[in-house]
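Everything below concerns the one structure shown next.
Throughout, read-outs are computed from the coordinates displayed, never taken from laboratory work. All of these numbers come straight from a predicted model, not from anything done at the bench. As a convention, Cβ positions derive from the backbone with ideal geometry for all residues, glycine included, and neighbour counts pool all protein chains shown.
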Amino acid sequence: MTRLGKMERELLKSARSKQATVLYPFTKEGLNIPEGLRGKWVYKHPDACTGCKICERVCPAEAIEMIACRPDDVQTKTGFRPICHFDRCILCGQCVESCPRNVLELSGEFEMAYLSREDMIME
Ligand code: SF4
Ligand code: SF4
């Protein structure tokens, strides 16, 4: 009887073990999204925003732009509010950490495939 080599043993072991990968994006079944995943951030509490521009200043990717509040927006103290260019954002979470009013919040949203840069602007 021939003895199995190291490689054959490994092959047999993986043939018997549970599938380690998921057929994402065709299915999300079995996808384990870790808690605390730094996904897209959201402008969660716009009414608390003062327009201080700290988020814009700390962003290492220059992804945040402060724009003038429009008449139908929640008006901030300075008259400006942040928008994000997610095509530049590296999801570091620095803006969320630095906001003194906890206006921004990281979501677990990681599906960010868009057809144009305009679609990647979060207003
Ligand atoms: S989101 Fe926070 S850091 Fe950014 S302008 Fe508003 S209050 Fe300032
Ligand atoms: S998560 Fe990081 S890169 Fe993205 S907008 Fe905030 S500070 Fe900028």
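Considered as a group, the residues in segment 58-87 that are in a loop (DSSP other than H, G, I, E, B) and within 26 Å of LEU37 (Cα to Cα) include one that is farthest from ligand 1 (Cβ to nearest atom), and that residue is ASP87. Apart from one condition, THR78 fits all of (1) surrounded by 14 or more Cβ atoms within 10 Å (Cβ to Cβ); (2) over 17 Å from the mean Cα position of the chain (by Cα); (3) within 17 Å of SER98 (Cα to Cα); the exception is (3). For segment 89-104, which residues satisfy the criterion of being more than 7 Å from ligand 2 (Cβ to nearest atom) and in a loop (DSSP other than H, G, I, E, B)? Correct list: CYS99, PRO100, ARG101, ASN102, VAL103. Within segment 88-112, residues that are in contact (Cβ under 8 Å) with a residue 40 or more places away in the chain and farther than 16 Å from PRO34 by Cα reach partners that are among the aromatic types (Phe, Trp, Tyr) and more than 7 Å from ligand 2 (Cβ to nearest atom) with beta carbons closer than 9 Å, at six or more positions or on different chains, in the pairs VAL103/TYR43; LEU104/TYR43; GLU105/TYR43; MET112/PHE86. Whether any residue in segment 45-61 is exposed (fewer than 14 other Cβ atoms within 10 Å of the Cβ) and in contact with a helix residue (DSSP H, G or I) (Cβ under 7 Å, 6 or more places away or on another chain) is what I want to check. Within segment 45-61 (the criterion being exposed (fewer than 14 other Cβ atoms within 10 Å of the Cβ) and in contact with a helix residue (DSSP H, G or I) (Cβ under 7 Å, 6 or more places away or on another chain)), the answer is yes, since at least one residue qualifies. Scanning segment 15-40 for residues that are of a type in the set (Gly, Ala, Ser) and loosely packed, with under 10 Cβ neighbours inside 10 Å yields ALA15, SER17, ALA20, GLY36.
Got a sec? Which of ALA63, ALA20, ALA48 is in contact (Cβ under 8 Å) with a residue 12 or more places away in the chain and more than 16 Å from LEU91 (Cα to Cα)? Working first, answer last.
Numbers: ALA63 fails: more than 16 Å from LEU91 (Cα to Cα); ALA20 fails: in contact (Cβ under 8 Å) with a residue 12 or more places away in the chain.
From the options ALA63, ALA20, ALA48, the qualifying one is ALA48.
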